[in-house]
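**Q** What follows is a structure written as structure tokens; I'll ask about it next.
The values are calculated or read from the model by the stated rules, or taken from the named source; none is laboratory data. Please read these numbers as outputs of a predicted model, since none were measured by experiment. Ideal geometry is used to build each Cβ from the backbone, glycine not excepted, and the neighbour counts take in all protein chains shown. In case anyone asks, the SASA skips ligands and DNA or RNA and just uses the protein heavy atoms, side chains included. Shrake-Rupley method; radii C 1.70, N 1.55, O 1.52, S 1.80 Å.
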Amino acid sequence: MKKKLALLLSAALCLSLLASCGGKPASSGGATSSGGTYGGTSSGAASSTPATAPSGDTVTIQIGFENTLEEPIGQAVQKWAELLEEQSGGAMKLELFANSALGSKSELIDQMVMGENIITIADGAFYADYGVPDMGIMYGPFFFETWDDVWALLDSDWYAEKCQELADKGLTILASNWVYGERELMTKTKVVTPADVAGQKIRLANSQIYVEGFNALGATAVPMALGDVYTALQNGTLDGVENPLSTLYGQSFQEVTKYILMTGHIKNFTTWCIGTSYLNTLTADQQALLVKTGEEAGLYNNELQAAANDDYAQKMIDAGVEITELTEEQIAEWKAAAQSFYEMGSTFGWSDGLYQTTQAAMGK
């Protein structure tokens with residue numbers, strides 16, 4: 001537990017030096033915030049062109065996410081709303097919708113691409129499904145060995161280029177510097193080796209990358225909205241679920257599932273995105289403020305995540321959950337089981353040699 005806490009603390013410190021989309025300006029010259037840039041847009045969202053909305057109007061943007069307000073992510077979103085309203089002098093506001101109250105991630109992204117005033121939380125696995133397939137590799141099982149690998153890739157030209165491609169497809173990343181946590185495996189029966197998970201029905205987010213990643217490990221991946229998982233575990237439709245400890249506990253899965261394997265199979269940073277077309281209706285100053293406050297809230301989130309990880313583990317233990325740590329040999333066994341996933345590049349539409357390209361971008 002202490003090792004994982006130290007990694008998260010290190011992550012929070014490193015993130016203060018990173019930009020929201022890799023620290024490099026996109027080719028179209030995205031709006032620059034204090035210490036970062038967003039991915040830019042093909043139409044020049046950050047130009048000096050006057051915004052569609054008069055500057056005197058209050059801009060209200062809805063922000064929808066699956067997590068509860070009690071989780072670190074939820075607390076940090078509330079912080080973001082406070083920062084944006086304060087720093088805009090009340091001219092910009094975020095309207096929060098936790099627990100999927102505004103709709104599922106896929107539903108929200110579809111609306112965002114159509115121009116709705118919505119922000120949501122997403123990651124490369126979803127962006128792969130929305131036209132930038134190469135971004136999905138970051139969410140394959142055991143892709144990153146350390147958090148330092150994560151930050152190195154986010155600070156690379158490769159990541160900046162992929163952000164630009166995504167913006168051209170209709171989604172602009174506002175901030176990438178949010179630690180979501182290390183994703184762990186929670187099951188109804190004890191699991192230690194890949195052989196133990198063979199055939200078990202494990203809930204994954206509705207993304208091809210996530211689903212095929214766990215299928216490669218031998219499980220039977222079941223795409224499902226997070227809000228439906230508790231009942232599915234309770235009635236036996238699912239055998240397990242994976243997510244960071246904070247989310248597993250925040251969703252009360254400890255009431256119906258009693259084993260956690262600390263796989264850390266995904267070093268899960270997450271991003272907040274907005275529809276490019278809606279972003280273009282804001283002034284350059286409004287865009288920059290949205291990015292700046294999003295990054296500041298991200299740093300606050302990372303502090304919360306670092307402090308809470310051991311606390312959530314202890315809460316799980318107090319609730320009667322058995323937590324198993326993997327030895328280095330056991331981790332190597334899981335990594336070996338995952339390698340077949342990275343041989344499926346053509347299935348996901350990846351660029352030739354993508355695994356080698358991203359490894360090089362991490363300095364390996």
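**Q** What are the pairs with Cβ atoms under 7 angstrom where one residue, in the range 66-93, is over 20 Å from Asp123 (Cα atoms) and the other, located anywhere, is open to solvent by less than 30 Å² (accessible area, probe 1.4 Å) and not hydrophobic (A, V, I, L, M, F, W, C)? Sequence gap at least six, or different chains.
**A** Pairs that qualify, where the first residue is over 20 Å from Asp123 (Cα atoms) and the partner is open to solvent by less than 30 Å² (accessible area, probe 1.4 Å) and not hydrophobic (A, V, I, L, M, F, W, C), are Glu70/Gly250; Leu83/Thr293; Leu84/Thr293; Gln87/Thr293; Met92/Gln286.
**Q** So, one more: Would you please name the residue that is farthest from Asn243 (Cα to Cα), looking only at residues in the range 153-202 that are more than 19 Å from the chain's Cα centre (by Cα), part of a helix (DSSP H, G or I) and not charged (D, E, K, R)?
**A** Once the filter is applied, the top-ranked residue is Ala195.
**Q** Give the residues of the range 295-326 that are over 23 Å from the mean Cα position of the chain (by Cα) and either part of a helix (DSSP H, G or I) or modelled with pLDDT under 95 (or both), sorted by residue number.
**A** Gln314, Lys315, Ile317, Asp318
**Q** For the range 235-250, enumerate the residues that are within 29 Å of Ser176 (Cβ to Cβ) and open to solvent by 30 Å² or more (accessible area, probe 1.4 Å).
**A** Tyr249, the sole residue that qualifies.
**Q** Where residues in the range 129-141 are open to solvent by 20 Å² or more (accessible area, probe 1.4 Å) and modelled with pLDDT under 95, which of them is nearest to Ser207 (Cα to Cα)?
**A** Asp129
**Q** Return the residues of the range 163-206 that are β-branched (Val, Ile, Thr) and touching a strand residue (DSSP E or B) at 6+ places or on another chain (Cβ under 7 Å); say none if nothing qualifies.
**A** Thr172, Ile173, Val179, Thr187, Thr189, Val191, Val192, Ile202
**Q** OK, next. If I go through the range 353-364 residue by residue, how many of them are assigned to a helix (DSSP H, G or I) and open to solvent by 60 Å² or more (accessible area, probe 1.4 Å)?
**A** The total comes to 4.
**Q** Considering every residue within the range 334-352, establish whether at least one is in a strand (DSSP E or B), open to solvent by 20 Å² or more (accessible area, probe 1.4 Å) and either at pLDDT 95 or above or not acidic (Asp, Glu) (or both).
**A** In the first step, residues of the range 334-352 are kept if they are in a strand (DSSP E or B); the result is none.
Looking through the range 334-352, none of the residues is in a strand (DSSP E or B), open to solvent by 20 Å² or more (accessible area, probe 1.4 Å) and either at pLDDT 95 or above or not acidic (Asp, Glu) (or both).
**Q** Inside the range 203-234, can you point out the residues that are free of Cβ contacts under 8 Å to residues at least 40 places away in the same chain, part of a loop (DSSP other than H, G, I, E, B) and open to solvent by less than 20 Å² (accessible area, probe 1.4 Å)?
**A** Ala219, the sole residue that qualifies.
**Q** Quick one: how many residues across the range 285-323 are of a type in the set (Val, Ile, Thr) and under 17 Å from Asn243 (Cβ atoms)?
**A** Looking only at that region, the number is 2.
**Q** Go through (1) of a type outside the set (Asp, Glu); (2) outside any helix (DSSP H, G or I); (3) within 24 Å of Gly136 (Cβ to Cβ) and name the single condition Leu282 misses.
**A** For Leu282, the failing item is (3).
**Q** Looking at (1) out of contact with any Cys (no Cβ under 7 Å at 6 or more places or on another chain); (2) modelled with pLDDT under 95; (3) within 27 Å of Ile63 (Cα to Cα), which is the one condition that is false for Trp151?
**A** (1)
**Q** Given (1) under 18 Å from Gly227 (Cα atoms); (2) in contact with a Lys or Arg (Cβ under 6 Å, 6 or more places away or on another chain), identify the lone condition not met by Leu96.
**A** The one condition Leu96 does not meet is (2).
**Q** Another one. Just checking, does the range 208-217 include any residue being among the hydrophobic types (A, V, I, L, M, F, W, C), in contact with a helix residue (DSSP H, G or I) (Cβ under 7 Å, 6 or more places away or on another chain) and under 14 Å from Asp123 (Cβ atoms)? Reasoning before the result, please.
**A** Filtering the range 208-217 down to residues among the hydrophobic types (A, V, I, L, M, F, W, C) leaves 209, 211, 214, 216-217.
Subset that is in contact with a helix residue (DSSP H, G or I) (Cβ under 7 Å, 6 or more places away or on another chain): 209, 216-217.
Those still in the list that are under 14 Å from Asp123 (Cβ atoms) too: 209.
Yes, there is a match, as at least one residue in the range 208-217 is among the hydrophobic types (A, V, I, L, M, F, W, C), in contact with a helix residue (DSSP H, G or I) (Cβ under 7 Å, 6 or more places away or on another chain) and under 14 Å from Asp123 (Cβ atoms).
**Q** Now, a different point. How many residues are under 16 Å from Leu248 (Cα atoms), open to solvent by 20 Å² or more (accessible area, probe 1.4 Å) and touching a strand residue (DSSP E or B) at 6+ places or on another chain (Cβ under 7 Å) if we restrict to the range 310-333?
**A** First, the residues of the range 310-333 that are under 16 Å from Leu248 (Cα atoms): 310-324.
Retained after the next criterion (residues that are open to solvent by 20 Å² or more (accessible area, probe 1.4 Å)): 310-312, 314-315, 317-320, 322-324.
Among the residues that remain, those that are also touching a strand residue (DSSP E or B) at 6+ places or on another chain (Cβ under 7 Å) are: 317, 322-324.
Final tally of qualifying residues: 4.
**Q** Return the residue satisfying two criteria in turn: it lies in the range 253-275 and is open to solvent by 10 Å² or more (accessible area, probe 1.4 Å) and not in a strand (DSSP E or B), and of such residues it is farthest from Asp228 (Cα to Cα).
**A** Of everything passing the filter in the range 253-275, Lys258 is farthest from Asp228 (Cα to Cα).
**Q** Cβ contacts < 7 Å: first residue β-branched (Val, Ile, Thr), restricted to the range 342-360; second residue open to solvent by less than 50 Å² (accessible area, probe 1.4 Å) and not in a loop (DSSP other than H, G, I, E, B), any location; separation 6+ or different chain. Result?
**A** Thr357/Trp158; Thr358/Ile137; Thr358/Leu153; Thr358/Trp158
**Q** Something else: When the residues of the range 110-127 are filtered to those that are in a helix (DSSP H, G or I) and either surrounded by fewer than 23 Cβ atoms within 10 Å (Cβ to Cβ) or of a type in the set (Ser, Thr, Tyr) (or both), which remaining residue is nearest to the chain's Cα centre (by Cα)? Please lay out each step first, then the result.
**A** Kept after step one, since they are in a helix (DSSP H, G or I), are these residues of the range 110-127: 110-113, 124-127.
Then drop every residue that is not either surrounded by fewer than 23 Cβ atoms within 10 Å (Cβ to Cβ) or of a type in the set (Ser, Thr, Tyr) (or both), which leaves 110-111, 113, 127.
Details: Asp110: 18, Gln111: 19, Val113: 19, Tyr127: 11 Å.
It comes out as Tyr127.
**Q** Assess whether Ser55 counts as being closer than 19 Å to Ala167 by Cβ, modelled with pLDDT under 95, among the small types (Gly, Ala, Ser) and surrounded by fewer than 16 Cβ atoms within 10 Å (Cβ to Cβ).
**A** Criteria not met by Ser55.
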